[in-house]
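Notes for the one structure printed next.
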Amino acid sequence: MLKTTAVQTLSFNQAAHKRLPTGLKPRPEAEAKAGDLLITRAGPQNRVGISCLVKSVRSRLMISDKIIRFHLIEPFLFEEFIALCLNAGTSQAHIERSKSGMAASQMNISQVKFRMTPIPDPPAVRAKADRVEGDRAAVAVRRLGSQADAGRVRQHPTPLRRRPSLAN
């Protein structure tokens with residue numbers, strides 16, 4: 001079972017784990033995997049809200065209930081960028097404000113509050129993705145134009161039919 005100390009600022013320490021308590025069985029769905037973004041959700045104030053990207057991990061290490069795991073759904077964002085944002089700037093400030101608890105030694109952040117964390121738009125990443133898509137389209141158009149010039153492109157009949165004229 002991973003300890004919260006396995007999650008360090010921008011670093012994953014798979015050596016920070018303990019044996020599963022007697023009587024509990026491993027749950028494969030809770031196993032840490034490469035590509036997981038992890039954030040600590042409970043513990044001392046200085047340990048809550050720390051996040052990292054798991055780049056590699058040995059098998060059978062389960063994520064504890066004090067760690068939140070998430071994956072990205074936006075195709076042009078990178079896990080490394082998100083991990084960086086969560087540990088700095090506006091995103092980190094939001095996480096700090098969202099912590100709650102009776103004492104500095106017993107803090108937590110709810111998943112609901114964590115999901116509200118603002119992430120800055122990475123303009124360079126978006127611009128690069130747009131440029132790559134634009135370059136691909138330009139190459140395809142040039143290739144099609146070259147094939148047309150060489151007479152290798154067949155014209156396909158239009159799938160639309162003309163309506164009969166009402167004037168006749």
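So the values come out like this:
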quantity: Qualifying lysines (Cα of each under 20 Å from Cα of Lys99; at least 8 residues distant if same chain); calculated: Lys3, Lys66, Lys113
quantity: Sequence-distant residues sharing a close amide H with Met62 (under 5 Å, placed H); calculated: Leu2, Ala32
quantity: Formal net charge of residues neighbouring Ile50 (Cβ-Cβ distance under 15 Å; K, R +1; D, E -1); calculated: +4
quantity: Taking the convex hull of Cα positions in segment 4-118, its mean projected area over all directions (nm²); calculated: 7.6 nm²
quantity: For segment 101-117, Karplus couplings with θ = phi - 60° (6.51, -1.76, 1.60), whole Hz, Gly/Pro x; calculated: x, 7, 8, 4, 8, 9, 9, 7, 9, 7, 5, 4, 5, 4, 5, 8, 5
quantity: Under Karplus coefficients 6.51, -1.76 and 1.60, residue-wise ³J(HN,Hα) of segment 38-46 in Hz, glycine/proline x; calculated: 10, 9, 6, 10, 8, x, x, 3, 6
quantity: Around Ala83: net Lys/Arg minus Asp/Glu count, Cβ-Cβ under 13 Å; calculated: -1
quantity: Residues whose placed amide H lies under 5 Å from that of Ile67, excluding near-sequence neighbours; calculated: Arg41
quantity: Added length on full extension, which subtracts the Cα-Cα distance from 0.36 nm per residue, Arg19 to Phe78; calculated: 18.0 nm
quantity: Calculated FRET efficiency for the pair Asp121/Lys3, C-beta based, R₀ 25 Å, to 0.05; calculated: 0.15
quantity: Long-range amide H partners of Gln8 with built H, under 5 Å; calculated: Asn13
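Rule-based calculations on the coordinates, nothing more; no lab input. Computed from a prediction, not measured in an experiment: that's the story for all the values here. Note: ideal-geometry Cβ built from the backbone for every residue, glycine included; neighbour counts use all protein chains shown.
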